[in-house]
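Here, each number is a calculation from the coordinates, and none is a lab measurement. These numbers come from a predicted model, not from an experiment. Note: ideal-geometry Cβ built from the backbone for every residue, glycine included; neighbour counts use all protein chains shown.
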Amino acid sequence: MDDIGNIAVVNHIFKASRVLKNLKGTRELEDWIPNRNPLPIWYGPLWANVWSDDYAIILRPPTPGERLEGASLYAEDGSGRSICYYRTLLRTGAPSRMRGYIGFDPNPKSEFFQKSLEGEFAKNAAQYSTLESTMRMIGVTLVE
């Protein structure tokens, strides 16, 4: 659950913070529902603490701004799923079964990478070019 709490989600969902642990106990987190009608197929099962690997998320290392806010990872794909599942874990106290995949080989020449992410992240793309350096960046030690 700590790992999920350290995830930053897309910044337009919440006003108070984009890092889940910073939203713990707030009305903003408790009242959130996806702004889609009908609700996404994952919403009901995750609310009921029914996990499926179909709901896995894609993560990446945080930008410098996300790291300053306390994030260890960013939900590149799966902000809503992360929010819903984190809230369910807080509510139920159940152990997490969430699965996430870390993207570790960004293309620093992509237009999205250059224009949409913080410039400092794009400039330092080389440090994220291997799984080992990405894991080191988020504080995980790999054991052989």
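The simple spin-label model puts a point 7 Å past each Cα toward its Cβ; for I41 and R99 those points are separated by 1.6 nm.
Out of the DSSP beta bridges found with both residues in region 2-105, what percent are antiparallel (nearest 5)?
45
Take every Cα pair under 8 Å whose residues are at least 6 apart in sequence, average their separation, divide by the length of region 2-105, and the relative contact order is 34 percent. Rounded to the nearest 0.05, what FRET efficiency is calculated for L68 and H12 with R0 set to 22 Å and r the Cβ-Cβ distance? My answer for the efficiency is 0.75.
By average Cβ neighbour count within 10 Å, what is the ranking of 69-77, 37-45 from highest down?
Most protected by this proxy first, the peptides run 69-77, 37-45.
Put simply, when 50-60, 5-15, 90-100 are sorted by average Cβ atoms within 10 angstrom per residue, most first, you get 5-15, 50-60, 90-100.
Given in Å, the Rg to one decimal and the Dmax to the nearest whole number for the Cα atoms of region 2-105 are 12.8, 37.
Rounded to 0.05, the FRET efficiency of the T26 and D77 pair, given R0 = 30 Å and the Cβ-Cβ distance, is 0.80.
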